[in-house]
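Here's the structure we're looking at; comments come further down.
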Amino acid sequence: MMSILLDISHIDMEFPTPKGPFTALKDVDLKIKEGEFVSLIGHSGCGKSTVLNIVAGLHQATRGGVILNGKEVREPGPERAVVFQNHSLLPWLSAYENVELAVKQVFGKKKSKRETKEWIEHNLKLVHMDHAMHKRPDEISGGMKQRVGIARALAMQPDILLMDEPFGALDALTRSHMQDSLMEIQNELNNTVIMITHDVDEAVLLSDRIVMMTNGPAATIGEILEVGLERPRDRLALAEDPEYTHLRSEVLKFLYEKQRKVEVMATVKKEKKKKGDTQAA
């Protein structure tokens, strides 16, 4: 039985604005098991990136907190590696040197020169970039840059991999190849992943659970969908799988039907309150 690795415990997040505090998140509560792949999905502005930033230690929750491996998260740390939509590689360094920088930062002198070299090459091989390890970012494609970014994150040996729409800027074909690579890596390493996505097919293809966020302000978890599709997964076989179609449909229903009902009810409630206040005055 998988143990709980990450506990996002009843977090609220408020940001100060000139008009007073803005509540971005309200009572977000989620437990993630070791080796689990969890996708966060929702409309723009629903607080997905805010959740990820709190787990990464880049924001501090206004209420509640995050516990990783029994320790409270208060700041960024190498046990939580982040892969952003923008690869964020240093342009003057080769792919190898970009990964080397992270390895040296995390492991210092714990690895010998030979061990460091083997470890960097191993992680570049995992993402199929060993053939271009000595090329600089301006000499490789967008998909290849993201592969190096993932290799750099994996080379830190994090407890959890945080991915903020890592394939969002790629063309459809490159994105498919990257998704396949990510499934291969997760199958081999059994690492724990939280990924933000806007893509319903991507969420169903990659995830063990899909966490669907309500619209902000005061966004929270609306529903959690268990994805019981067997691994390894084949996108062509799944295209005709009735369970895949059902799961995809459930996510779409939440995003487009249930969200609309919630918004309509909230508007009606607001109008009633406004009317009551006017009559009382």
Normalised by the number of residues in the chain, what is the relative contact order in percent for Cα pairs under 8 Å and 6+ residues apart?
24 percent
In whole percent, how big is the carbon plus sulfur part of the accessible area of region 175-267, probe 1.4 Å, protein atoms only?
53 percent
Once all protein chains are kept in place, residue 7 shows an accessible area at probe 1.4 Å, nearest 10 Å², of 40 Å²
In region 85-137, what is the count of Lys pairs whose alpha carbons are under 15 Å apart, counting only pairs at least 8 residues apart or on separate chains?
5
Computed ³J(HN,Hα) along region 182-199: with the Karplus parameters 6.51/-1.76/1.60, θ = phi - 60°, integer Hz and x for glycine or proline, the list is 5, 5, 4, 5, 5, 5, 6, 9, 6, 7, 8, 10, 10, 10, 8, 8, 9, 9
Anchor residue 31: aspartates and glutamates whose Cα lies under 15 Å away (excluding residues fewer than 8 positions away in-chain):
7, 72, 159, 208, 223, 226
Solvent-accessible surface (1.4 angstrom probe) belonging to residue 15, in square angstrom, nearest 10
60 Å²
What angle, in degrees between 0 and 90 and rounded to the nearest 10, separates the Cα long axis of helix 142-155 from the longest principal axis of the Cα atoms of the chain?
80 degrees
Rounded Å value of the spacing that divides the Cα centres of region 19-44 and region 145-221
15 Å
For region 89-229, what value does the Rg/Rh ratio take when both radii are computed over Cα atoms and Rh is the Kirkwood radius, given to two decimals?
1.01
With 0.36 nm assigned to each residue of separation and the Cα-Cα distance removed, residue 172 to residue 256 gains 27.9 nm
Tell me the mean residue ellipticity at 222 nm calculated for the chain from its helices only (DSSP H runs of n ≥ 4, each -39500 (n - 2.57), averaged over every residue, nearest 500).
-12500 deg cm²/dmol
Can you give the FRET efficiency to the nearest 0.05 for residue 223 and residue 114, using r as the Cβ-Cβ distance and R₀ = 45 Å?
0.35
Give me the accessible area of residue 51, 1.4 Å probe, in Å² rounded to the nearest 10.
10 Å²
DSSP beta bridge pairing in the chain, given as percent antiparallel to the nearest 5:
50 percent
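The values are calculated or read from the model by the stated rules, or taken from the named source; none is laboratory data. In this text, all values refer to a predicted model and were calculated from it rather than measured experimentally. Because the Cβ atoms are built from the backbone with ideal geometry, glycine has one as well, and the counts that use them run over all protein chains shown. For accessibility, only protein heavy atoms count, side chains too; no ligands or nucleic acids. Shrake-Rupley method; radii C 1.70, N 1.55, O 1.52, S 1.80 Å.
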